[in-house]
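A short worksheet on the structure shown next.
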């Protein structure tokens, strides 16, 4: 089903912080006698921008390049020469004073030059503040006077059925507005490392990538990122990164130029109705701790397998993906309060979010397609130690992208796109290419298989 997923985006215009908020849309235009949303859009669309990107793209591969003797005889490079390409997307100004523009990472990936066009037709060169592959969020900076921006709404307050606008640059046509509702919340589609998508039926098409989803008060509620597109265009199922997730990423990009994710060192799974009854929980929600890594923050804090984490800093945890998203978007070194159930009684513990241990590669730090997987060197006491080169899949979260693509705990990853893996450092190096489709050479028991992940 999701093989038809496509990156998209739409820029939504939101009202400036200083602009009065419209309580109801549409409203009556007394002069023309029609119901209209024009007043809201007049305030919000100036914060919507079009983005044109000049990129370095891989050259067209010729099968002859795969033959090392052919390359050597004709003195050809190992890879075909790269070529320049142009692409277009959308963005939204979120801080007029500092010139910050939020968009999707895939819009500006491999960019040589980024041009931002405002609604008043000014063309500005943008610089990249930082980007994050695991959430597909990027932050740009432009220098200009008289910019308009959009306030960020608290996306946790969204409800299915809320009226929304999508504004962007579909198919390079120029600024376009579509309307719809919030169709669903908390969607995961296996496309990137951290997902908590807003689903909407507002028309989103290629070229809308990096744009915004706006509520009826003119507030930014999401950055449009993907669609299900069997025919290449909109079919009424689009996805946006919620503003709360995007804002957490933005803060770290401004501070560090990257997202410094943390982890607490636990394996987790969802709480089923049966587990909720067995653990005497008030509701079937939260994340069950399946294992605790030795000397990890969770181990230091005293968490144990069988504990059920139900809240982080007082906010309820819905499932394992929810916990993973919130911990992953918490900066390393920060302290959080976890509420958990053990033996039918709720407890609390303060825990410091730590960094990924040296020698470990985990999902978002490497390949977003493998979110939910944690790789380690092959232990010396492992049967494969000394016999094969590769990295061990020490843990994979059920239901995660890595799980859905077929990876299982105990698998040994031998190669990525035919490049041999000798260590976790090799995996990290290859992962930096962030290819959309990757082929994994996997050893499972005594059998070797290939898995393709997108």
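The numbers here are math on the coordinates, done by the rules we state, and not lab data. Computed from a predicted structure; not experimentally measured. A quick note on method: Cβ atoms are made from the backbone with ideal geometry, for glycine too, and the neighbour counts reach across all protein chains shown.
Determine, for 43, 102, the number of other Cβ atoms within 10 Å of each Cβ, and report the residues in order from fewest to most.
With the fewest neighbours first, 43, 102 line up as 43, 102.
Would you order 304, 195 from fewest to most other beta-carbon atoms within 10 Å of each residue's own beta-carbon?
So the residues, fewest neighbours to most, are 304, 195.
With the Cα gyration tensor of the range 266-352 giving a ≥ b ≥ c as the square roots of its eigenvalues, does the rule (a/c under 1.5 for rounded; else a/b larger than b/c for prolate; else oblate) give rounded, prolate or oblate?
Prolate shape, in that a/c is at least 1.5 and a/b is the bigger ratio.
Order 407-413, 128-134, 170-176 from most to least packed using the mean count of other Cβ atoms within 10 Å.
Taking the mean over residues of other Cβ atoms within 10 Å, the ranking is 128-134, 407-413, 170-176.
Based only on other Cβ atoms within 10 Å, what is the fewest-to-most ordering of 109, 322?
Fewest-to-most Cβ neighbours within 10 Å comes out as 109, 322.
Give me the extension gain from residue 345 to residue 376: residue separation times 0.36 nm, minus the current Cα-Cα distance, reported in nm with one decimal.
Contour length minus the Cα-Cα distance gives 7.7 nm.
With an 8 Å Cα cut-off and a minimum separation of 6 or more residues, compute the relative contact order for the range 195-256 in percent.
36
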